[in-house]
Structure formats: C-alpha cells, structure tokens
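Asker: Please find one structure pasted underneath; my questions will follow.
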Amino acid sequence: MVQLKPGETLTGKDRIQYIKDVTRARNDPIWFMKEKLGWTSIFTKQEEITRTFYQHLYSPNAPEYKKLIIKAGQRSGKTALGAKICGFEFFKLLSLDDPAEHYGLMKHQPIAINCVAASKSQAIDGIFSIMRVDFEENEWINQWFDLKFTEDRIDCKSKHVFAKVAAAKIDSGAGTGSTSAACFGDEVDLWHKTESKLSAGLVWSKMVNSTQTLGIKGKCIAISSVQEENGMINQLYDEGLEEDTTLTYDLKTWEMNDRLTKEMLLDEYKYKMEM
C-alpha cells in the first residue's frame, strides 16, 4: 500500500490514479514539468535539453547521464530550467515509498537535494526559490506529500528527504553532511567572489562526491553565464567534454530563449555592450 502521510493510505480509484500519475511523472519529466508543475512557457531548447539529459527514460537503450553543464547567456532561461529539473529530482525522492531502502542505504538515512550559489541569499533567490514556489503552491504535490517549507529548506520527514540551499563556502558544508540525490550549482562563475577559485572548485567536488553513493542516479547540474574566460563554468564545461556521462551545452541567450533574437539584444544593449 502506498503510504502518503502518517496514518493515511490510498485505496480504490484514488490509489490507482496516484500510481498512474506517479509512474508517468517518474518516467516522463517533460510531462511532469508541464502537467504537474504547470510549466506551459517552456522554451523549445529547454525541452530539448531536458529530454536529452533524461534520454534513458525516453529510450531504454540510451546511456544515462550523471552531470549536466550549461553555460548560457543571461536571460536565457537557464535558472528556470535548473529549477524544474530540481523539482523533478525532488519529486522522484518523494514518490518513493522508502527512499533509503530503495537506494540500499541505512534505514531512514536522510537524502538531500542541494542547491548552492555564491551566497545563501542568491541561492534562495535562484533555482531553489523557483522550485520551492512550484511545490508550495502546488495542490497535487501537497495532496500527496507532507511537506514543511521554510525560506531555505523543504522537508518531508516521513520520507527522510529534504531540499536545501547553501552558500558556496568550504566552511558552510555545502553539498556535504548527507547523501545527495542531486546537487545544483547556481551561477558557478560567481563562486570565486565568495571563495578563492581553488576553494570554489573544492565546494563543487564535495557536492559531486555527495552524490557518489547513488552512482549514476546521483545527478550533478551546474549552470552559469560566463563571467571570465578562466572561470568555473568554462572549466566544468571543458572537463565535461571529456566525460562520457556528462552532457554539456554552450549557448547564446537567443539560442536558448526563443523569444529573444540576437538583433533585439544588440539593440537593447548597444550602449552597454560589456553586459
């Protein structure tokens, strides 16, 4: 029997519909994002990236990716895409009867979704913020899962899973302290403004390591616009080109956001081309 809230189980038609919805959502992230998160404004490129990253769900013989590295211009929609992927990864945890048992972990061992940015305030305002609103205001999600929301964390105590934000600082424990089902690096090229470039790289390494217990199922996503040529996103992108289980994208704003054109942006920023 599917256990949803303490003392509550599903029976009959409700149980059948729940199982149908969950099964489809777990195997079709685009359907989940559109139908359950209400993301009707998805760009063509955002959908293409999602389908490719989760190609193993759409084509059983396709290899599975562990990492997704996206460097894209500002206003390209990369943060929104990261938030929807974050929501899908958190939903996958919530929809398991016993996440720790499913992954062969110790009984009731906590599993996390980690969102990390240059500062905690930026993290709260970025990927995590969009995902939190998607879940907090979602009738379908809250009908089936007992979630507790705070500014920087979402907990499901009955499943022993949570999503949280942290600053990209070594002493903050970003990405460590628990097993991660997915970690998200938000605007990673800004991390060195908080830490040194070496320390920022160590934060990312710790985040990736926190997913290793789950192997290929533990996902690592980094998104950023390019702030400098030798910045972190270019480094992660170049490394990803050599990794079989990493999917990489290098996109101009208008290549991802099909509501903008190069000509529109050139005209808008003609007096501040450095932006």
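The values are calculated or read from the model by the stated rules, or taken from the named source; none is laboratory data. None of the values given here were measured: they were computed from a predicted structure. Neighbour counts are summed over all protein chains in view; Cβ atoms, including those assigned to glycine, are modelled from backbone coordinates with ideal geometry. These accessible areas exclude ligands, DNA and RNA; they are computed on the full protein's heavy atoms, side chains included. Shrake-Rupley method; radii C 1.70, N 1.55, O 1.52, S 1.80 Å.
Asker: Has the stretch 128-139 got at least one residue that is of a type outside the set (D, E, K, R), open to solvent by less than 30 Å² (accessible area, probe 1.4 Å) and closer than 16 Å to Cys220 by Cα?
Answerer: The first filter runs over the stretch 128-139 and keeps only residues of a type outside the set (D, E, K, R), leaving 128-131, 133, 135, 138.
In the following step, the residues that additionally are open to solvent by less than 30 Å² (accessible area, probe 1.4 Å) were identified as 128-129, 131, 135, 138.
With closer than 16 Å to Cys220 by Cα added as a condition, the list becomes 128.
Looking for residues that are of a type outside the set (D, E, K, R), open to solvent by less than 30 Å² (accessible area, probe 1.4 Å) and closer than 16 Å to Cys220 by Cα, one finds at least one in the stretch 128-139, hence yes.
Asker: I need the full set of residues from the stretch 133-151 which are without any contact (Cβ under 8 Å) to a residue 12 or more places away in the chain and either under 21 Å from Thr79 (Cα atoms) or not in a helix (DSSP H, G or I) (or both), in order please. Explain how you work it out, then say what you get.
Answerer: Initial filter on the stretch 133-151 (without any contact (Cβ under 8 Å) to a residue 12 or more places away in the chain): 133, 137, 139, 142-143, 148, 150.
Selection gives Val133, Glu137, Lys148, Thr150.
Asker: To continue, here is another question. Considering only residues that are at pLDDT 95 or above, more than 19 Å from the chain's Cα centre (by Cα) and surrounded by 12 or more Cβ atoms within 10 Å (Cβ to Cβ), look in the stretch 236-275 and name the one that is farthest from Lys71 (Cα to Cα).
Answerer: In the first step, residues of the stretch 236-275 are kept if they are at pLDDT 95 or above; the result is 236-251.
Restricting the remaining residues to those that are more than 19 Å from the chain's Cα centre (by Cα) gives 238-239, 241-244.
Next, from what is left, pick out any that are surrounded by 12 or more Cβ atoms within 10 Å (Cβ to Cβ): 239, 243.
Numbers: Glu239: 13, Glu243: 16 Å.
Step by step, filter the stretch 236-275, then rank; the result is Glu243.
Asker: Considering only the stretch 201-221, state which residues are in contact with a Cys (Cβ under 9 Å, 6 or more places away or on another chain) and open to solvent by less than 10 Å² (accessible area, probe 1.4 Å).
Answerer: Met207, Thr211, Gly218, Lys219, Cys220, Ile221
Asker: Next up: Tell me whether the stretch 89-104 contains one or more residues that are in contact with a Phe, Trp or Tyr (Cβ under 7 Å, 6 or more places away or on another chain) and not hydroxyl-bearing (Ser, Thr, Tyr).
Answerer: Initial filter on the stretch 89-104 (in contact with a Phe, Trp or Tyr (Cβ under 7 Å, 6 or more places away or on another chain)): 91, 94.
Next cut, not hydroxyl-bearing (Ser, Thr, Tyr) only: 91, 94.
Looking for residues that are in contact with a Phe, Trp or Tyr (Cβ under 7 Å, 6 or more places away or on another chain) and not hydroxyl-bearing (Ser, Thr, Tyr), one finds at least one in the stretch 89-104, hence yes.
Asker: Does Ile70 qualify as being in a strand (DSSP E or B), in contact with a Gly (Cβ under 9 Å, 6 or more places away or on another chain) and closer than 26 Å to Ile124 by Cα?
Answerer: On the way: in a strand (DSSP E or B): yes; in contact with a Gly (Cβ under 9 Å, 6 or more places away or on another chain): yes; closer than 26 Å to Ile124 by Cα: yes.
So Ile70 passes the test.
Asker: Sticking with this one: Give me the pairs: first residue in the stretch 64-83 and over 14 Å from Leu247 (Cα atoms), second residue of a type in the set (A, V, I, L, M, F, W, C) and assigned to a loop (DSSP other than H, G, I, E, B), beta-carbon distance under 7 Å, and six or more apart or on different chains, which are they?
Answerer: Hits for this filter: Arg75/Leu260; Gly77/Phe43.
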